[in-house]
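Here's the structure we're looking at; comments come further down.
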Amino acid sequence: MTRPVDDLIETLYRGLSGDVALLDDVMAPEWGDASSGPASGRAGIERLVAAVNHAFSQFTIVVQTVVDGRGEDGNGMVAVRGEMRGVHEGEWLGVPATGKAVRIRIHEFHEISDGLVIRSWGLEDWFGWLRQVGAVGSDGPGVYEGKPGIS
């Protein structure tokens, strides 16, 4: 019997939100982030989670939609639409803390094999985040504290 996809995904995102011990139950030791190689493996994901939790207090990932593309054997792809939420209280992507509550849309795909996530692809709306914290204007590149905007 395969693990219910909602349980797998909710546990994954609770782990990615900061409770990294949960990742042992859902993420393969050789897990890889296909969209950003440096976060690959358990040590890489733990560093990333620590960095995010340093930059954002009250950080959590809210799962909004799960599309289960796995086969009858429980292996295959799962798509997730969600949102990262937190308060920007530390430098992130070169932007100093703003104290602003933010919401960042995410769209991710996870490859599941033998009940574990073995590979992930993610797309986060970092441009939307830059707008929320005032690093770019609503009409495109802007200036943040005298520094050229990001285009």
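The values are calculated or read from the model by the stated rules, or taken from the named source; none is laboratory data. Values in this document were obtained by computation on a predicted structure and should not be read as measured data. All Cβ positions, glycine included, derive from the backbone under ideal geometry; neighbour counts span all protein chains shown. The protein model used for the area step is the full one, side chains on, heavy atoms only, and it has no ligands, DNA or RNA in it. Shrake-Rupley method; radii C 1.70, N 1.55, O 1.52, S 1.80 Å.
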Gly74, sole failed condition from (1) touching a helix residue (DSSP H, G or I) at 6+ places or on another chain (Cβ under 6 Å); (2) closer than 18 Å to Glu10 by Cα: (1)
Name the residues in the range 58-89 that are more than 14 Å from the chain's Cα centre (by Cα), under 25 Å from Gln132 (Cα atoms) and surrounded by fewer than 17 Cβ atoms within 10 Å (Cβ to Cβ), would you? Gln58, Thr65, Val87, Glu89
Of all residues in the range 5-35 being open to solvent by 30 Å² or more (accessible area, probe 1.4 Å) and charged (D, E, K, R), which is modelled with the lowest pLDDT? Glu30
Are there any pairs with C-beta distances below 7 angstrom linking a residue in the range 100-117 that is within 17 Å of Gly128 (Cα to Cα) to a residue that is outside any loop (DSSP other than H, G, I, E, B) and of a type in the set (Ser, Thr, Tyr), with the two at least 6 apart or on different chains, and if so which? Glu108/Ser120
